[in-house]
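Undergrad: Following this message is one structure expressed as structure tokens.
The values are calculated or read from the model by the stated rules, or taken from the named source; none is laboratory data. Computed from a predicted model, the values in this text were never measured in an experiment. Here Cβ is always computed from backbone atoms with ideal geometry, including for glycine, and neighbour counts include all displayed protein chains. When the accessible area is computed, the model is the full protein with side chains, heavy atoms only, and any ligands, DNA or RNA have been set aside. Shrake-Rupley method; radii C 1.70, N 1.55, O 1.52, S 1.80 Å.
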Amino acid sequence: MAPGMAHYFLLAISLAFILAVKSDGQVLEYRTDVRLEKGKLVTEYRYIIQINSKELDWLSNVSIPYNEGDKVEILEASIVGVDGKELRSLGKKEITARHNISEGSFFEDDWVLEFSLKWNQYPYRIAYHYRTIEERYLYLCRWLPVPYLYNVSVEKASLNVSHPRDFRVLIDHPKDQKGDSTLVKDQVVRTWHYENLAAGKREKYSPHASDLLPQIIVAPKSFVYGIPGSMDSWASYGKWQATLNVGTTDLPLYELQKIEKITKETSNKNEIIRRLYHYVQDNTRYINVAIDVGGLKSYPASYVSKNRYGDCKALTTFTKCLLKAAGIESYYAYLNGAEVPRAIRKEIPGPQFNHVVLCIPMGIDTIWLENTANFLPYNYLGTFTQDRDALLTTDTDSRIVRTPSLKPAQVKTIKSYEIEIDKEGVGKATANWLLRGDEFETIRSYQVNETEDNLRTVIEKGIAWSGCRLSKWTIRQESRDTPEIELALELDLTKQIRKLGNTLVIKPFQLSLPDWEDPPKRKNPVSLPYPTDIEQSMSYRLDFIREFKVSLPQDVHHETAFGSYLVTYYIENDVIRVVRKLVVSKGNIPLSNYEKFYSFFKGIQDFDRQSAIILEPNPNGTR
């Protein structure tokens, strides 16, 4: 332990004793000090965390990630009572190091240092201080004032960045938070302070948590990471990324012979790309392998050819090389993959991406290939990659572009149900679903990659109909490149009618909608990354209908700035029909508009909940 560190921690913890116990965890102090020493990046982290209940013991399990070749030093770690007395210090033998292998990975060049500071009485506090030393780096820091994105508040956070005066840096920070800058012995010291940051909450369709927080990025304008590079512009950074992958385009002779065989029967460029894309889908699989140049450099195409697997970079490189061998040029497009992605900070170039796809210019058109998903159609960017900024990399003209967005017609789902039940509410139904967008992607993924039992489970989740059991299903897709799928379902029904004396009541099942948080509880804006377009019809064929007088609910036409909801009820040839149409626009809803947005969906739920088909006995026995 460094001299004086124990005193520093005990003093800080004693001062923090006045803080009240809360249900969330509390970071009482989070301090980050960054400096350059002899070309190396040295970062020190100090934490004081209060753990208020057993449910928050996970905070006592500390994991420190680092890369192969980096050095990590634990300078101090202990458990402290709320009275400021040290209860236990960490022993060296309690610290373990292991490979940080994430799910879906075969091997990674990442490590993690781990230890636990758990105590059996609440509340208690843990205090630890460690240092990392990195010989290669792309950022001096990419810092958020909260070490945990959810369920942990922060009382105090600070960032100090020190570098030589002649060391050129790029800085990105919130407009109103420039921080303080001083010059100390030819060192520029920049400081930011934050206090009383509330715990983040996971909420439906919230923007990425890091986009809701102040973020400080400090990066060198010039760097050496594998090879020299520059962050002066996206063009210069993209050139570095493209140059980094030089030497990864080798293909063995047998692979070149396969390409020739696959493409020899056609000269159509689009068809050649399609065939090679299918070849990649059918003969490779996604496994993360990240051990070269911090996981930023692709494995060579020959590696994928030999092993038949790779991560997104390697599979994209493999596809790119197949196309190159067929005389077709293509380009890497780096982006953030997620349904609601983390935003790119355009003001400061750098490695802000977690995924890569392939872009192929075709005159006025462009083809996009997702190379890690063996179930997606050709030239289809789905909910994981659509409508976001991407870095298109070339040797001379790297730039930020926008991936294609899913249009309403591409996400429209149509579900129809033919229902036959007796007076006890028992019977059968057949359903025909035409799925696009997210539901199409989910079903198709399960169809290709999961067991039949798992596929059945995900289909049943899509039914969400009380008293309904899935007995049989078939799936049809016109071709593997059709971005829609048809399901035919056979359902067994019970309890579909409620009796009130001699009156029968049928409650059409409600539309499945997100369970939005009540307005007083919602803390974040809403980000809807693509539109919603749902059409649903139910046809009730009741062989006893002529014995009753049928009363139908009123039609609904609910129109708002966020979307529309229409419901029509009618009888046609003794068949009761219910048709629903829901359209929701994509876009961002600020918290100030959330109550109106919530009311739109609440109105839909109220309409559905209150709607009932009433069958009262006819006095004459038949209609």
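Undergrad: Show me the strands (runs of 3 or more DSSP E) found entirely inside the stretch 122-207 where at least 3 residues are closer than 30 Å to Asn67 by Cβ.
TA: Working: elements: 124-134, 141-143, 152-164, 169-172, 180-184, 187-197.
Result: 124-134, 141-143, 152-164, 169-172, 187-197.
Undergrad: Within the stretch 384-422, count every residue that is of a type in the set (Phe, Trp, Tyr) and open to solvent by less than 10 Å² (accessible area, probe 1.4 Å). Lay out the reasoning, then the answer.
TA: First pass over the stretch 384-422, keeping only residues of a type in the set (Phe, Trp, Tyr): 384, 417.
Imposing the further condition that a residue be open to solvent by less than 10 Å² (accessible area, probe 1.4 Å) reduces the set to 417.
Residues meeting the conditions: 1.
Undergrad: Just to be sure before I move on: is Glu44 among the acidic types (Asp, Glu), open to solvent by 10 Å² or more (accessible area, probe 1.4 Å) and either at pLDDT 90 or above or within 17 Å of Gln121 (Cα to Cα) (or both) in the structure I sent?
TA: On the way: among the acidic types (Asp, Glu): yes; open to solvent by 10 Å² or more (accessible area, probe 1.4 Å): yes; either at pLDDT 90 or above or within 17 Å of Gln121 (Cα to Cα) (or both): yes.
In short, yes.
Undergrad: Of Glu260, Glu265, Glu203, which residue is of a type outside the set (Val, Ile, Thr) and open to solvent by less than 50 Å² (accessible area, probe 1.4 Å)?
TA: Numbers: Glu260 fails: open to solvent by less than 50 Å² (accessible area, probe 1.4 Å); Glu265 fails: open to solvent by less than 50 Å² (accessible area, probe 1.4 Å).
Unique residue meeting the criteria: Glu203.
Undergrad: Let me ask something additional. Any idea which residue in the stretch 156-200 is least open to solvent (accessible area, probe 1.4 Å), counting only those that are closer than 28 Å to Ser527 by Cα, among the acidic types (Asp, Glu) and touching a residue at least 12 places away in the same chain (Cβ under 8 Å)?
TA: Step by step, filter the stretch 156-200, then rank; the result is Asp172.
Undergrad: Here's something else I'd like to know. Across the stretch 273-326, which residue is farthest from Thr366 (Cα to Cα) among those that are outside any loop (DSSP other than H, G, I, E, B), modelled with pLDDT under 90 and β-branched (Val, Ile, Thr)?
TA: To start, the set of residues in the stretch 273-326 that are outside any loop (DSSP other than H, G, I, E, B) comprises 273-283, 285-286, 288-290, 293-295, 301-307, 309-310, 312-325.
Still in the list and also modelled with pLDDT under 90: 288-290, 293-295.
Restricting the remaining residues to those that are β-branched (Val, Ile, Thr) gives 289, 293.
Values: Val289: 29, Val293: 31 Å.
Per the stated criteria, the residue is Val293.
Undergrad: Now for a separate question. Look at Ala373 and say whether it is of a type in the set (A, V, I, L, M) and in a loop (DSSP other than H, G, I, E, B).
TA: Working: of a type in the set (A, V, I, L, M): yes; in a loop (DSSP other than H, G, I, E, B): yes.
So Ala373 fits the description; yes.
Undergrad: Now for a separate question. Quick one: Ile400 ticks every box in (1) over 22 Å from the mean Cα position of the chain (by Cα); (2) β-branched (Val, Ile, Thr); (3) part of a strand (DSSP E or B) except a single one, so which number is it?
TA: (1)
Undergrad: For the structure I just gave you, tell me whether Leu511 is farther than 21 Å from Lys412 by Cβ and among the aliphatic types (A, V, I, L, M). Spell out the reasoning first.
TA: Working: farther than 21 Å from Lys412 by Cβ: no; among the aliphatic types (A, V, I, L, M): yes.
So Leu511 does not fit the description; no.
Undergrad: Let me ask another. Pull up the stretch 113-136, narrow it to residues that are touching an Asp or Glu at 6+ places or on another chain (Cβ under 8 Å) and under 15 Å from Asp57 (Cα atoms), then point me to the one that is most open to solvent (accessible area, probe 1.4 Å).
TA: From the stretch 113-136, those touching an Asp or Glu at 6+ places or on another chain (Cβ under 8 Å) are 115-116, 118, 127-135; that's our starting set.
Still in the list and also under 15 Å from Asp57 (Cα atoms): 115-116, 118, 127.
Details: Phe115: 11, Ser116: 45, Lys118: 106, Ala127: 0 Å².
Looking at the filtered set, the residue picked out is Lys118.
Undergrad: Report yes if Leu455 is in contact with a Pro (Cβ under 9 Å, 6 or more places away or on another chain), open to solvent by less than 40 Å² (accessible area, probe 1.4 Å) and not in a strand (DSSP E or B), otherwise no.
TA: When the stated conditions are applied, Leu455 does not pass them.
Condition check ((1) modelled with pLDDT of 95 or more; (2) surrounded by 17 or more Cβ atoms within 10 Å (Cβ to Cβ); (3) aliphatic (A, V, I, L, M); (4) part of a loop (DSSP other than H, G, I, E, B)) across all residues:
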residue	(1), (2), (3), (4)
Gln510	no, no, no, yes
Asp515	no, no, no, yes
Pro520	yes, no, no, yes
Tyr540	yes, yes, no, no
Tyr565	yes, yes, no, no
Leu582	yes, yes, yes, no
Ser592	yes, no, no, no
Glu595	yes, no, no, no
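Undergrad: Scanning for something out of contact with any Pro (no Cβ under 7 Å at 6 or more places or on another chain), at pLDDT 95 or above and open to solvent by 40 Å² or more (accessible area, probe 1.4 Å), does the stretch 603-613 turn up at least one residue?
TA: Looking through the stretch 603-613, none of the residues is out of contact with any Pro (no Cβ under 7 Å at 6 or more places or on another chain), at pLDDT 95 or above and open to solvent by 40 Å² or more (accessible area, probe 1.4 Å).
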